[in-house]
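Notes follow once the structure below has been shown.
The values are calculated or read from the model by the stated rules, or taken from the named source; none is laboratory data. Please read all numbers here as calculations on a predicted model, not as lab measurements. For neighbour counting, all protein chains shown are included, and Cβ atoms are generated from backbone atoms with ideal geometry for every residue, glycine included.
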Amino acid sequence: MINQERLKKLLIELIKIDSLSRREYAVAMRLKRELEELGAAVVIDDAGEKVGGNVGNLIAHISGNQPAARPLLLSAHMDTVVPGEGVVPILDGDILRSDGTTVLGGDDKSGVAIICEVLRVVQENHLPCGAIDVVFTICEEAGLVGAKCLDVGRLHARTGLVLDSDSVGFLFTKAPAANRMEFRVRGLEAHAGVCPENGVNAIKVAAEGIAQMKLGRIDHETTANIGLIEGGMAVNIVPNMVLLKGEARSHSREKLDRQTEHMRRSLEEAAARHTIEAGGRRFQATVETKIESDYDRMDVPDGAPIVRLVQAAAKNLDLELKTMATGGGCDANILNQKGLEVANLSTGMRDIHTVKEWLDLKDLYLSARVVLEVVKLNAESR
Ligand SMILES: [Zn+2]
């Protein structure tokens with residue numbers, strides 16, 4: 001029942017509309033028109049103003065014709081990563097890719113296009129359908145901030161799907177929680193040739209701290225990274241400041257806290273080893289730490305209604321669909337954090353966040369069939 005040509009056409013049209021994070025206005029207006037044609041009540045929320053973007057999250061409500069059915073959320077994000085302007089999609093058989101100078105933007109326009117096509121099929125065939133909330137977020141790629149600004153009180157649904165992952169045949173139900181960290185290591189500047197003994201080298205302090213840190217894969221559910229380092233003024237000045245930015249992720253809240261504390265302490269201990277007496281004053285290196293909870297973990301049990309629903313849909317289509325844990329975070333983390341029960345279904349996108357991004361249309365069509373079957377089955381839910 002999925003109209004493959006129409007789905008492909010919409011996806012390619014969306015891909016050609018620039019929509020970097022905070023600049024999703026044009027694509028949001030195109031989708032508003034699409035959803036209004038489908039009889040949805042569409043609003044744009046104020047997330048755009050809050051995050052300094054040119055449009056907010058698009059929230060659409062379709063009342064459906066089965067008022068007793070459980071309302072269902074279908075969500076995807078409108079923004080894309082860089083380089084993502086002027087995308088030239090190239091179709092080679094069933095493989096869609098960019099011309100190699102930009103990402104494709106199948107992340108996540110494939111999810112957006114699938115949702116639109118499924119709703120179109122439901123409408124044109126007068127299929128039984130419960131109430132559906134559609135949320136197309138902004139700024140997923142900019143730290144999930146669109147979803148963070150979303151008022152879930154506007155939604156009828158308490159469960160549903162985010163369509164935003166690349167492993168075909170899997171439903172992501174678990175994802176780590178993440179902390180972002182910023183460390184400002186402060187030393188004391190001095191002339192590097194004349195009086196280095198009057199200085200404390202912040203780069204050396206930071207280096208010692210980092211050398212003491214466990215980073216990379218900590219265990220099967222925990223990872224950590226220092227990803228950015230910035231500091232120093234000139235080769236002949238003992239540097240007085242180094243800025244470090246890093247992150248830690250874990251499927252266990254306790255392990256996340258432990259790893260975060262370990263990283264902070266490694267730097268504190270290094271700083272404590274660097275003390276000088278200069279000009280009658282004692283100086284010790286210091287570390288200013290800023291830790292922010294980026295997002296909470298996602299942990300939807302295998303027995304949850306949404307998981308059972310998607311698995312029943314896959315079974316009806318003779319597909320095998322496994323639940324899986326991911327190391328990444330997405331809007332689903334935020335929606336679960338806000339009390340919804342949401343899993344993340346794959347759309348066929350591959351090699352995302354690179355200019356080699358591609359998508360097999362066969363996977364896209366298959367994912368659309370699964371979502372349509374989910375909507376159909378959900379119409380019978382009570
Ligand atoms: Zn994405």
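Quick notes on this one:
- Within region 312-331, restricting attention to residues that are in contact with a Ser or Thr (Cβ under 8 Å, 6 or more places away or on another chain) and buried (at least 18 other Cβ atoms within 10 Å of the Cβ), the residue that is modelled with the lowest pLDDT is T326.
- Criterion violated by G169 - all others in (1) of a type outside the set (V, I, T); (2) within 11 Å of the ligand (Cβ to nearest atom); (3) at pLDDT below 95; (4) within 20 Å of L377 (Cα to Cα) satisfied: (2)
- Among (1) part of a loop (DSSP other than H, G, I, E, B); (2) of a type outside the set (G, A, S); (3) surrounded by fewer than 16 Cβ atoms within 10 Å (Cβ to Cβ), the one test that L243 misses: (1)
- Just one residue in the set A190, A211, A202 is more than 30 Å from G52 (Cβ to Cβ), of a type in the set (G, A, S) and surrounded by 21 or more Cβ atoms within 10 Å (Cβ to Cβ); that residue is A202.
- Here is the figure for region 245-275: residues that are of a type in the set (A, V, I, L, M, F, W, C) and either under 14 Å from E292 (Cα atoms) or free of Cβ contacts under 8 Å to residues at least 40 places away in the same chain (or both) total 4.
- Strands (runs of 3 or more DSSP E) within region 312-382 that include 3 or more residues under 15 Å from the mean Cα position of the chain (by Cα), within 16 Å of the ligand (Cβ to nearest atom) and of a type outside the set (S, T, Y): 341-346
- Only one of F136, F183 that is at pLDDT 95 or above, of a type in the set (F, W, Y) and away from the ligand (no atom under 16 Å from the Cβ): F183
- One residue stands out among those in region 83-125 that are assigned to a loop (DSSP other than H, G, I, E, B) and among the aliphatic types (A, V, I, L, M): the one that is nearest to E373 (Cα to Cα), which is L104.
- Selection status of L20, aliphatic (A, V, I, L, M), under 29 Å from T101 (Cβ atoms) and surrounded by 15 or more Cβ atoms within 10 Å (Cβ to Cβ): yes
- Any hit, region 280-290, residues being of a type outside the set (A, V, I, L, M) and farther than 30 Å from G187 by Cα: no
- Just one of the listed residues (R154, R70) is modelled with pLDDT of 95 or more, among the charged types (D, E, K, R) and surrounded by fewer than 18 Cβ atoms within 10 Å (Cβ to Cβ), namely R154.
- Residues located in region 192-229, provided they are within 18 Å of E268 (Cα to Cα) and basic (K, R): K204, K214
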